[in-house]
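**Q** First the structure, which I've put down as structure tokens, then a few questions once you've had a look.
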């Protein structure tokens, strides 16, 4: 069979993957500058037999799945064109009785013996919170102080979480780490790479007139509000969640972004479409 998985991933996919891996905790180890072709998913414990790899390929139709050996560790990786099959591959491994350590920020361990049945954004978040709590329970043997310094700041950012439990934990972790909980931190989802429409499953940009999948957009980006904050946040900019939305676009009449973010959007290739409905913009009212 001819190898159809040799192409380097597009710059936009490479950059999004890199940002999600370095600044979040649900992004997988992204392709490198030297070899921009594959995402690494997990470390296998122990090594998989070739027959198992073939069976996973058959079940998930992830034909680029490969096991690589480096520094005494076996890694599973996929070509960037099949990044959207990452959770199917890992969940299938669990269902087949195999354990592994995911190559995400916290590198959580999944095993059928621990009752794990699925790998998803939700389970990665749950495992990451458990890892942080375990670190917080430890003390420096020499100084008797907590080891919260081992926890990366990305675990303190509420926009990295998709559940209310996660967002509440982020706020508490900021207090524990000694940060002032305010709105001064930079949300990397405000970067033009993430402002424009893209598919979070593939990391590919979408055509200007195509909306990203609503469910997936919420999974990756939307910071859901508690009931008491809903009314207040309805008037906030959907990009920065800091300033009041004060820029109306016509003819759709949507007013969902602030002037600052509207000006930033003008520098992107999607500057002529509404960020909410993707309808072409004919005029802006600041």
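**Q** So, restricting to helices (runs of 4 or more DSSP H) that lie completely within region 187-248, which ones have at least 2 residues that are at pLDDT below 60 and in contact with a helix residue (DSSP H, G or I) (Cβ under 9 Å, 6 or more places away or on another chain)?
**A** Values: elements: 192-195, 214-220, 227-233.
Correct list: 214-220.
**Q** To continue, here is another question. Any chance region 263-271 includes a residue that's part of a strand (DSSP E or B) and at pLDDT 80 or above?
**A** We begin by selecting, within region 263-271, every residue part of a strand (DSSP E or B); these are none.
No - not one qualifying residue is present in region 263-271.
**Q** A follow-up question, please. Could you figure out which of (1) free of Cβ contacts under 8 Å to residues at least 60 places away in the same chain; (2) touching a strand residue (DSSP E or B) at 6+ places or on another chain (Cβ under 6 Å); (3) in a loop (DSSP other than H, G, I, E, B) isn't true of residue 36?
**A** (2)
**Q** Looking at this structure, is residue 30 over 30 Å from residue 157 (Cβ atoms) and touching a helix residue (DSSP H, G or I) at 6+ places or on another chain (Cβ under 7 Å)? Let's see the steps before the verdict.
**A** On the way: over 30 Å from residue 157 (Cβ atoms): no; touching a helix residue (DSSP H, G or I) at 6+ places or on another chain (Cβ under 7 Å): yes.
Considered against the rule, which asks whether it is over 30 Å from residue 157 (Cβ atoms) and touching a helix residue (DSSP H, G or I) at 6+ places or on another chain (Cβ under 7 Å), residue 30 comes out as no.
The values are calculated or read from the model by the stated rules, or taken from the named source; none is laboratory data. Not measured: the values here are computed from a predicted model. Cβ coordinates were reconstructed from backbone atoms using ideal geometry, including for glycine residues, and neighbour counts include every protein chain displayed.
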